[in-house]
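Peer 1: Quick one: the structure is below, questions incoming.
The values are calculated or read from the model by the stated rules, or taken from the named source; none is laboratory data. This one's a predicted model, so the numbers in the text were calculated from it and none came from an experiment. We place every Cβ from the backbone using ideal geometry, glycine too, and count neighbours over all the protein chains shown. Accessible surface areas use protein heavy atoms only, side chains included; no ligands, DNA or RNA. Shrake-Rupley method; radii C 1.70, N 1.55, O 1.52, S 1.80 Å.
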Amino acid sequence: MKLEEVVPWGRTLEEYKLMFNLSEIDLNLKILGCGDGPASFNAEMTELGHSVVSIDPIYQFSTEQIEQRVRATYELVISQVKQNSSHYIWKNFENADELGKSRLGAMEKFLLDYESGRVSGRYLCQSLPNLEFSGDQFQLCLCSHLLFLYSEQLSLDFHLASIYELMRISPEVRIFPLLNLAGEQSLYLDHVLEDLSNKGYDVQVQLVGYEFQKGGNQMLKISR
């Protein structure tokens, strides 16, 4: 990964709760956050005494490098959101400026936590589909804005290999959203549902209380 190819975009604990239908019982599980990037989810959960490990290739970079990249891309991302505001549901956020304020706040909270989190092993530079964890090391895996969203960039084989790897290390996986970057349902979704069902996994597409991309209010829940 090259830092100049990264567009850091952090989400909050409250957003994770909505995106993944997280209950109080869920929050007390041993959680792996996959593709968390500069989200404040780990920092906020740690403050509350919960157990979260986050993985992302962006964690190969230093606090200063990530912060510089946040500053370099922030205005561009917000301007693109404003230009395409009709593509989004303005329910969780009133407008692009409020969205930007939330994102920047989340990323700042992440940056303050990042160094101590790296030292304690809460932020690990790892990438799907091959993870350095033992079987059932976690109780719940959450994959935010990676699988399905980047269907144009990541193959069906990559998606299947990644999901089976997550199922190796946890009995339950939740993936959000199920749309691609164009705002359309990923063409991989039906293939993934069929493949997992054929192998005996319990797969459910569930409505969630979060919708920013139009139609992006569903997650995939997989259990074994």
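Peer 1: Once each part is reduced to its C-alpha centroid, what is the distance from region 161-220 to region 49-104 in angstrom?
Peer 2: 22 Å
Peer 1: Separate question: If pairing requires two Cys Cβ atoms under 4.7 Å apart, which cysteines of the chain are left without a partner?
Peer 2: 125, 141
Peer 1: Give the percent of DSSP beta bridges with both residues in region 81-224 that are antiparallel, rounded to the nearest 5.
Peer 2: Restricted to region 81-224, the bridges split so that about 75 percent are antiparallel.
Peer 1: While we're on this one: If you rank 9, 90 by how much accessible surface each has, with a 1.4 Å probe, what is the order from largest down?
Peer 2: Result of the area sort, largest leading: 90, 9.
Peer 1: How many lysine pairs in the chain, separated by 8 or more positions in sequence or lying on different chains, have Cα atoms less than 27 Å apart?
Peer 2: 24
Peer 1: Along the Cα→Cβ direction, 7 angstrom out, place labels at residue 84 and residue 30. What is the inter-label distance in nm?
Peer 2: With each label point 7 Å from Cα toward Cβ, the separation is 3.9 nm.
Peer 1: Considering Cα pairs under 8 angstrom that are at least six residues apart, work out the relative contact order of region 1-129 and quote it in whole percent.
Peer 2: 35 percent
Peer 1: A further question follows. Distance in nm between label sites at residue 47 and residue 155, each 7 Å beyond Cα in the beta-carbon direction?
Peer 2: Modelled inter-label distance: 4.3 nm.
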